[in-house]
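The values are calculated or read from the model by the stated rules, or taken from the named source; none is laboratory data. Computed from a prediction, not measured in an experiment: that's the story for all the values here. Cβ placement follows ideal geometry from the backbone for every residue including glycine, while neighbour counts extend to all protein chains displayed.
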Amino acid sequence: MTDIFRVVAPSNIAFLKYWGKKDPVLQWPANDSLSMSLNQLSTRTSAFVHDADDHIFQFQGEALPRDHASFSKVFKHLDSLAGSFGFPEKLSLSSSNSFPTGAGIASSASGLAALTIAAIACWTGSSTFFELEAKGFSREHLAHLARLGSGSAGRSLFGGYVQWQAGSHADKQKILPLYAAAHWTLHDTVVLFSHSEKSKSSTAAHGDAWSSLLFRPRIAGAPERMNAILKALDERKMAELGPLLETEALEMHAVMLTTRPPQYYLTDESVEFLAAFRRARQEVCFEAYFTIDAGPNIHIIHEASASSALTSWLQEHYPTLQLLHDRVGEGPWLERGLN
Ligand code: PMV
């Protein structure tokens, strides 16, 4: 019997997006970002120490090689954590997502968050976040380690509404839980337009952001937008938050569309959907607003009161599209058991 460490870490959906970096090596973002941690959309990862020459990483039941196109960053991250803290043991890890990987739902966020917690808990023999903190791995420390694997993963270390502050220098970055989930129960209805892998991973595409003439003005305007989002969040005002979410998502995609080379994450189908959705908001009168990550899927953010009108409209007009229903969640979860 060996000890096994099981983690579930949530995906998160950004209200103000992290796109572009000031320093890719130090993983220093160009602007502050803010996200809502989700409840159901998550990655489940377990880890135990095994006596072998290398780590084993299984995803959805399949053992993946070190040079796997989409998962090499898992091994890179494990090597970097082991090297930074001198952990000699090799780990056997097994991971699965509750949603399609690489389809614009932040699988790298939940994936790298779950990997970081599971690996450090396993190496330090910690059963809880309290024990991790006592051994020098506070939640914020883990968040910074996770963001080194994938920027948005840092925000998945907390539940509720989480801000990642870029700070005046790379080592002044902060990742802070601003409001617990109970502050405002927002829902995220995800409309899935694609299950396939993205054409270019967001991690790779961050580097192109500076080649868009729209990028510098975007960075300059981000603090003002952050303040407006924080105010709407604080006052729980959907009518103020919603339009900010939509402008923000479209602006990030405008940057993506104008980089060299341009990056088209949205499909014709998802663009047509956005126009129909905006018309329906006025005609059917549901209070719901979209946001979009680096992929074609549309996240619709709304309060519980809008759920039934929104779902009826979606089912009537898009009966074949798959929907995922989620809401703000409490953050990651860790337990220790026997294998
Ligand atoms: O964490 P990365 O490098 O995969 O970047 C993700 C960036 C977006 O999801 C598009 C926005 C965000 O802030 O989550």
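Residue 206 meets the conditions (1) within 16 Å of the ligand (Cβ to nearest atom); (2) touching a strand residue (DSSP E or B) at 6+ places or on another chain (Cβ under 9 Å); (3) assigned by TED's automatic domain parsing to the domain that holds residue 45 in every case but one. The failed one is (3).
Answer with yes or no whether residue 39 is within 12 Å of the ligand (Cβ to nearest atom) and within 21 Å of residue 95 (Cβ to Cβ). No, not satisfied. Enumerate the helices (runs of 4 or more DSSP H) found wholly within the range 102-158, keeping only those where 1 or more residues are among the β-branched types (Val, Ile, Thr). The qualifying helices (runs of 4 or more DSSP H) are 107-124. Quick one: would you say residue 133 is without any contact (Cβ under 8 Å) to a residue 40 or more places away in the chain, surrounded by 15 or more Cβ atoms within 10 Å (Cβ to Cβ) and among the acidic types (Asp, Glu)? Taking the combined requirement at face value, the residue satisfies it.
Checked across the range 156-174, the condition of being surrounded by fewer than 16 Cβ atoms within 10 Å (Cβ to Cβ), among the β-branched types (Val, Ile, Thr) and either more than 15 Å from the ligand (Cβ to nearest atom) or under 17 Å from the mean Cα position of the chain (by Cα) (or both) holds for no residue.
Quick one: would you say residue 113 is within 13 Å of the ligand (Cβ to nearest atom), in contact with a helix residue (DSSP H, G or I) (Cβ under 7 Å, 6 or more places away or on another chain) and over 13 Å from residue 12 (Cα atoms)? Lay out the reasoning, then the answer.
Numbers: within 13 Å of the ligand (Cβ to nearest atom): yes; in contact with a helix residue (DSSP H, G or I) (Cβ under 7 Å, 6 or more places away or on another chain): yes; over 13 Å from residue 12 (Cα atoms): no.
No: the conditions fail for residue 113.
The residues listed here are 294, 222, 280, 239; of these, the one that is surrounded by fewer than 18 Cβ atoms within 10 Å (Cβ to Cβ) and either modelled with pLDDT under 95 or on the phi < 0 side of the Ramachandran plot (or both) is 239. What about residue 136, is it among the small types (Gly, Ala, Ser), at pLDDT 95 or above and more than 27 Å from residue 19 (Cβ to Cβ)? Yes.
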